[in-house]
1. Within region 56-95, work out how many residues are among the acidic types (Asp, Glu) and under 17 Å from Thr110 (Cα atoms).
2. Can you give me the number of residues within region 86-127 that are touching a helix residue (DSSP H, G or I) at 6+ places or on another chain (Cβ under 7 Å) and either of a type in the set (A, V, I, L, M) or at pLDDT 90 or above (or both)?
3. Looking at Val67, Val82, can you tell me which residue is within 21 Å of Thr117 (Cβ to Cβ), over 12 Å from the mean Cα position of the chain (by Cα) and modelled with pLDDT of 95 or more?
4. Of the residues Ile103, Ile66, only one is closer than 24 Å to Thr22 by Cβ, of a type in the set (A, V, I, L, M, F, W, C), surrounded by fewer than 17 Cβ atoms within 10 Å (Cβ to Cβ) and in contact with a Leu (Cβ under 7 Å, 6 or more places away or on another chain); which?
5. Is it the case that Gly39 is open to solvent by 50 Å² or more (accessible area, probe 1.4 Å) and modelled with pLDDT of 85 or more?
Amino acid sequence: MRKVLFAIMLLCSLVSCGTSETVVSTGVNLSEYEYCLLGTGVTSGDADVTDIILKVENILPEVFTIVSKERAYYLVQEGKKVLTPDISVKSEKWDGGYSYISISFRDLSTGRLLAVTKSSGQGMCTK
C-alpha cells in the first residue's frame, strides 16, 4: 500500500508547486491492485499539457503491471483486481497561471472510485 500511495504522491508532484491532497475510499486496500488498464478512463486536458498526462502514464508502470483491455477483462474474470485511472490536467496559462492535475483510480470490475489525488500549483512546475 505504501508503494501505491508513494506513486500517487509522486504523480501529484508533477505540478505541485502549491497544494496536493489524496483521498482513499474507506475499506480499500490499494496494495491488492497489481494491474492497471490505461486508456479506458477519462483523460482530458488542454492540448499543450499532454506532456503532463504522458508523464503520469509513464509513472504508473513503476507501480502496476500495465495490461491490455483483453488481458484486463480476463484477469477480472480470474478474480484479480485491476484499476483504471481517469487523468485530468488543466492549465490557466504558462506564465504564472495555475495548473491542476487530478487522477481518479477506479476498480475496473465494479467502477468503484478507489482513490483520488489532486494537485495544483502556480505555473507549469513539472519535474
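1. Going through region 56-95 one residue at a time, the tally reaches 3.
2. Adding up the residues that qualify gives 8.
3. Only one candidate qualifies: Val82.
4. Values: Ile103 fails: surrounded by fewer than 17 Cβ atoms within 10 Å (Cβ to Cβ).
Sole residue among the options that is closer than 24 Å to Thr22 by Cβ, of a type in the set (A, V, I, L, M, F, W, C), surrounded by fewer than 17 Cβ atoms within 10 Å (Cβ to Cβ) and in contact with a Leu (Cβ under 7 Å, 6 or more places away or on another chain): Ile66.
5. no
The values are calculated or read from the model by the stated rules, or taken from the named source; none is laboratory data. Only a predicted model underlies this, so the values are computations on that prediction, with no experimental measurement involved. Glycine gets a Cβ as well: all are built from the backbone with ideal geometry, and neighbour counts include every protein chain shown. Side chains included, ligands, DNA and RNA excluded: accessible areas come from the protein's heavy atoms. Shrake-Rupley method; radii C 1.70, N 1.55, O 1.52, S 1.80 Å.
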